[in-house]
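I'd like to ask some things about the structure below.
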Amino acid sequence: MEYAGDTQMSYRDPPATISSACQDCSGPRPYPTAFSREEAPVWGEFLAPLPRREPPKVANAFWTRGSIKRSSVWSGLSLGTALVVASCVQAPSEPAVCLDKRVEGRNAALQGNIEQASRLLKELRAQCGANSQSEIRHIEELIAEKTDARREQERRARSQIERAQKFPSRDFVIWATADAGAIRTKMADAVCVERGAPDFGFCEAARPGAPHMTVRYWTADKDAFRYALTTDQPLSCQDLGEYRQVRAWQRDGSSYELCELTERTLRHLYALLITSSAGNQMYVYSQRYLARDPHLEKVLRVIPPPR
């Protein structure tokens, strides 16, 4: 038996409500200090535990750490199984010669041998299957690229020939002064003077596709060179680009004009233009060549005239 204020309360005879137990109380509202949930129906409502909330039911949702781990394991096993099955599936086999033809076709296309690459490509299409499709497309792209490059090269060659025919002196100057006049790439099929001849030590080569343009050089000194052009078209030092006229003179019915090239990389070069009834000539030569060719040195003399 316990007391709450001035009111006596029993465990066995609880009041129906708190208000009935305190209807004669004039002081503070009494509160029981000990009772069971069954004996105190009013307070039981407040002391009853909250109902458990279940997690929302979502399809394929895992709410525990163990469930997530198990799902990850199963997902990994499923992916691994799929990869193993995929690796075991093989494309239809091809003849062993297909590999060799793929390599040969690709190398031929890279080297610009379009005819051989096209032949091997045709054989690949006829004899090989799915395993060669990627390489076949690659070879097709290489052949198309090399074909376009060949056409562009042929177009430039035709343009160069047309320019040489219309403006021979200008095209000659471009060829002679390329790479500051160096002859490293211009000595194809050179013919050298035999030992015992007066001009022994000199070699001469014609420009490919333009036999009226030649280069002559001293074998022991590649910086001693002379380019020559023979044409029926009129010549002018203006075709040289930047130049300075040294002098002009007449002799034996022919006109001579000597010019110096003044562009920074060509200041060691000179040009001699000769106009006569027999034809016109232009020479572009280096200073070191003049010391090796006594004939040209005589042509440049004004007095006395060369014999």
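Throughout, read-outs are computed from the coordinates displayed, never taken from laboratory work. Given the structure is predicted, the values throughout are model-derived calculations rather than measurements. Quick reminder, even Gly has a Cβ in these numbers, built from the backbone with ideal geometry, and neighbours come from all protein chains shown.
Using alpha carbons only, how many angstrom separate the centre of the range 235-256 from the centre of the range 178-203?
About 26 Å separates the Cα centre of the range 235-256 from the one of the range 178-203.
Loop only by DSSP, 13 or fewer other Cβ within 10 Å of the Cβ. Give me the chymotrypsin sites (Phe, Trp or Tyr not before Pro) in the range 173-249 that pass, ordered by residue number.
Listed in order of number, the matching sites are Phe200.
Give me the net charge for the shell around Arg125: Cβ to Cβ below 12 angstrom, other residues only, Lys and Arg +1, Asp and Glu -1.
Residues close to Arg125 contribute a combined charge of +2.
What is the packing order of peptides 149-155, 96-102, taking the mean over residues of other C-beta atoms within 10 Å and listing the highest first?
Top of the packing list down: 96-102, 149-155.
Can you list the trypsin sites (Lys or Arg not before Pro) in the range 247-293 that are in a DSSP coil and have 11 or fewer other beta carbons within 10 angstrom?
none
Taking the Cα-to-Cβ direction at Ala126 and at Arg158 and moving 7 Å from each Cα, how far apart do the two end points lie in nm?
With each label placed 7 Å out from Cα toward Cβ, I get 3.3 nm.
So, R0 is 35 Å and r is the distance between the beta-carbons of Glu115 and Leu300; what FRET efficiency does that work out to, to 0.05?
About 0.10, to the nearest 0.05.
Then there is this: Around Glu94, under 13 Å between beta carbons, what's the net of Lys plus Arg minus Asp minus Glu among the other residues?
Summing Lys and Arg as +1 and Asp and Glu as -1 gives 0.
Here's another thing I want to ask about it. Please order Leu229, Leu258 by the number of other Cβ within 10 Å, starting at the fewest.
Starting with the residue having the fewest Cβ neighbours, the order is Leu258, Leu229.
Give me Asp223, Asp179, Asp171, Asp293 sorted ascending by neighbouring Cβ count inside 10 Å, so fewest comes first.
Asp179, Asp223, Asp293, Asp171
So how much slack lies between Thr147 and Val103, counting 0.36 nm per residue of separation and subtracting their Cα-Cα distance, in nm?
Full extension from Thr147 to Val103 adds 13.9 nm.
Go through Pro294, Ser159, Met282 and say which Cα lies farthest out towards the positive end of the charge dipole of the range 149-307; charges sit on Cβ, +1 for Lys and Arg, -1 for Asp and Glu.
Positive-end residue among those listed: Ser159.
Full-extension gain between Ala220 and Asp189, please, as 0.36 nm times their residue separation minus the C-alpha to C-alpha distance.
That pair, Ala220 and Asp189, stretches by 9.4 nm at full extension.
At a 10 Å Cβ-Cβ cut-off, how would you order Met282, Met213, Met187, fewest neighbours first?
Ranking Met282, Met213, Met187 by Cβ neighbours within 10 Å, fewest first, gives Met187, Met213, Met282.
Further question: Check each of the GluC sites (Glu not before Pro) in the range 204-307 and keep only those in coil by DSSP with at most 12 other C-beta atoms within 10 angstrom; list them in order.
Loop-located and lightly packed - Glu242.
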